[in-house]
Each structure stands twice: as structure tokens, then as C-alpha cells.
Amino acid sequence: MAFSPDTPRAPLVEARQLARRDAQRGQTLLAPTDFTLSAGERAVLTGPSGSGKSVFLRALALLDPLDGGEVRWHGEAVARARIVQYRRHIAYLRQRPALLDGSVEDNLRYPYTLAVYRGERFDAGRARTLFAAAGRGDDFFARAASELSGGEAQIVALVRVLQLDPEALLLDEPTASLDPESARAVESLVGDWFARASTARATVWVSHDPAQAARVGNRHLTMRAGVLDETAAASAGAVS
Ligand SMILES: Nc1ncnc2c1ncn2[C@@H]1O[C@H](COP(=O)(O)OP(=O)(O)OP(=O)(O)O)[C@@H](O)[C@H]1O
Ligand SMILES: [Mg+2]
């Protein structure tokens, strides 16, 4: 059953006083930040280059050591022992995708070699369907990852995450290096994943493109010099 807008919105991920500092330069990268992401929300994060959008998203994904605060998942603080599980379900897609040497298929199969995905099996048919939705044919599987364009690499990185069906996607400028057609393909891949899930999903999508923000967001956040703000109702309405 698809998620209905009437379903109560439970907090999926909560950040409490989340903070990051650059100890060497004694500089605040992320001021203590409270943030709640609930099921069904499609948050868009904008802000100038260097303002801390990636720092915030990576902190929320528990990818970097925190200098303060905590992240809660389904109402519970994420203990150190659960971080790997958390990252499996709250998936961060890097601004610059990192692929392994080998073929596209090798890259798609890689997560299934990790302990956290024990019990899950690579589904080639599903991956092909996802690639087809992004306008890439079956021959894409055998391509060498090192020969892909930046945009193609980003599509592979996204499919690698989507095939694992996370609860939330933290998307860090996933279309920055894509041509408009591929960018729309990525938007529709994410949109399908969001709409077809059996339980409610959520996204935080960093974008510099106001038109894209309007297409992919129903909530608008801005980052300025390490300070996160919810945009006023009027502008939030403009992107919903
Ligand atoms: N691990 C780190 N240690 C020290 N400084 C860092 C670290 N990571 C990021 N920074 C600094 O924090 C600031 C914010 O960086 P961040 O990558 O979050 O910017 P951004 O808003 O994502 O910008 P862009 O739109 O260009 O991607 C920058 O000045 C960056 O140099
Ligand atoms: Mg960034």
C-alpha cells in the first residue's frame, strides 16, 4: 500500500543540538542544530557554497564524528553499535560519487558483500528496471566504472542505494554534474521510490536550482554560515 498523505507523520530522524567544529582552525562548521525529518517529508536544503550543507547532511547521516548533540532514529538515540544499521536505512548520497574499480554491475553487487546486508540478495532485474527508468539500457551493466561520465556515475551511485530500499535519502546535490535530461531521470527515480514504498519515506535534497527545489520539495530549509533555518511559510509554499 502506498503512503497516504493522511498517514500520521512520525518523526523518522531527529537531530538535537547537532554540532560540528573544525578543531584545527577553531571554527564552527555547524552551529548546534535541531531538525526533525518525518515520514512523507521532502525537504529541500539550499544555501551558498561553503555554508555547511554537506557538513550538516554528513553529520545527520552519522558519517563524521560529532562535536555535540545526538541523532535519534524512530525516537531513540543511535548508539555506536547501531550506526551501521542506521546508515543502511538513512542513506547519504555523496556530492561526488565514489565508485569502485570494476564494472557497473560489480558496483551494484558490492553492498551485498557487507555484513549489514547479509540475507539480502542482488536482484539484477530490479537494477535493470531502475536503470531503464533513468534512460540507461542493459549494456550499462558491463560498462567500466572508471569510464563513466560524472552524471552516469551519479546514476549508478543512486541505483546502488535505491536497490537497497532505504527509509530516507539524504541527497547531496545529486544532479549537479548531470545534463538536464539525466537530472530529470534522477528526479523521477527518487520520485518513484518515494511514491511506491510500502511505508512512508523521506528525503533531504540539497540543490542550488530553484526550479528543481520546487519540483522535488514540500519543505524548504536554508543554510547560512553553519546555521540552519526553516524558510518562512510564504517561500515554503512556493516550493511545495
Ligand atoms: N572535515 C572538515 N574539516 C574542516 N573543515 C571542513 C570539513 N568539512 C567541511 N569543512 C568546511 O566547512 C565549510 C562548509 O562546507 P560544506 O562542504 O558543508 O559546504 P556546502 O554548503 O556543502 O557547499 P557546496 O554548495 O559548495 O557544496 C567549508 O568552509 C569547508 O571547507
Ligand atoms: Mg556541499
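Only helical DSSP H runs with n ≥ 4 go in: add -39500 (n - 2.57) per run for the chain, normalise by residue count and round the 222 nm mean residue ellipticity to 500 deg cm²/dmol.
On the way: 8 runs with 75 residues, N = 240.
So the calculated ellipticity at 222 nm is -9000 deg cm²/dmol.
For the residue pair Arg80 and Ala176, what label-to-label distance in nm results when each label sits 7 Å from Cα along the Cα-to-beta-carbon direction?
According to this spin-label approximation, the distance is 3.2 nm.
With r as the distance between the Cβ atoms of Arg21 and Asp123 and R0 = 30 Å, compute the FRET efficiency 1/(1 + (r/R0)^6) and round to 0.05.
On the way: r = 42 Å, r/R0 = 1.40.
Approximately 0.10, to the nearest 0.05.
What's the extension gain from His89 to Arg196 if we count 0.36 nm per residue and subtract their Cα-Cα distance?
Working: separation 107, 0.36 × 107 = 38.52 nm, distance 1.65 nm.
Between His89 and Arg196, full extension yields 36.9 nm more.
At 1.4 Å probe size, with the rest of the protein present, what percent of the exposed accessible area of region 11-239 is carbon and sulfur atoms? Mind showing how you got there, number by number?
Values: 5170 of 10660 Å².
Roughly 48 percent of what the probe reaches on region 11-239 is carbon or sulfur.
Based on the inverse mean of 1/r over its pairs of different Cα atoms, what is the Kirkwood hydrodynamic radius of region 11-239, in Å?
Working: mean 1/r = 0.0551 Å⁻¹.
Mean inverse Cα-Cα distance, inverted, gives 18.2 Å.
Under a plain spin-label model, where a point goes 7 Å from the Cα along Cα-to-Cβ, how far apart in nm are Asp67 and Glu147?
Calculated label separation equals 4.5 nm.
What is the local net charge at Phe141, summed over the other residues whose Cβ is closer than 14 Å to its Cβ (Lys, Arg +1; Asp, Glu -1)?
Numbers: positive: Arg109, Arg126, Arg128, Arg136, Arg143, Arg160; negative: Glu105, Asp106, Asp123, Asp138, Asp139, Glu147, Glu152.
Value of the local net charge: -1.
How high is the relative contact order of the chain? Use alpha-carbon pairs under 8 Å, at least six apart in sequence, and give a whole percent.
Working: 427 pairs, mean separation 68.8, N = 240.
So the answer I get is 29 percent.
At what distance in angstrom do the alpha carbon centres of region 110-169 and region 29-76 lie from each other?
25
For the chain, what is the percent of antiparallel DSSP beta bridges, rounded to the nearest 5? List each step's numbers first, then the result.
On the way: 20 of 37 bridges.
So the antiparallel bridges in the chain amount to around 55 percent.
What does the convex hull of the Cα atoms of region 1-137 come to per residue, in Å³, rounded to a whole number?
Convex hull of Cα atoms, per residue: 181 Å³.
Give the shape of region 48-115 as rounded, prolate or oblate, defined through the alpha-carbon gyration tensor: a ≥ b ≥ c are the square roots of its eigenvalues, a/c under 1.5 means rounded, and otherwise the shape is prolate if a/b is larger than b/c and oblate if not.
Oblate, since a/c reaches 1.5 and b/c is not below a/b.
Tell me, in nm to one decimal, what length is gained between Tyr112 and Leu164 on full extension, where the rule is 0.36 nm per residue of separation less the Cα-Cα distance?
On the way: separation 52, 0.36 × 52 = 18.72 nm, distance 0.92 nm.
Here the answer is 17.8 nm.
Keeping all protein chains in place, calculate the accessible area per residue for the chain (probe 1.4 angstrom), answer in Å².
Details: 11660 Å² over 240 residues.
In whole numbers, the chain has 49 Å² accessible per residue.
The values are calculated or read from the model by the stated rules, or taken from the named source; none is laboratory data. All values derive from a computational prediction rather than experimental measurement. Every residue, glycine among them, receives a Cβ derived from its backbone with ideal geometry; neighbour counts consider all protein chains shown. Keep in mind that these areas ignore ligands, DNA and RNA; they rest on the heavy atoms of the full protein, side chains included. Shrake-Rupley method; radii C 1.70, N 1.55, O 1.52, S 1.80 Å.
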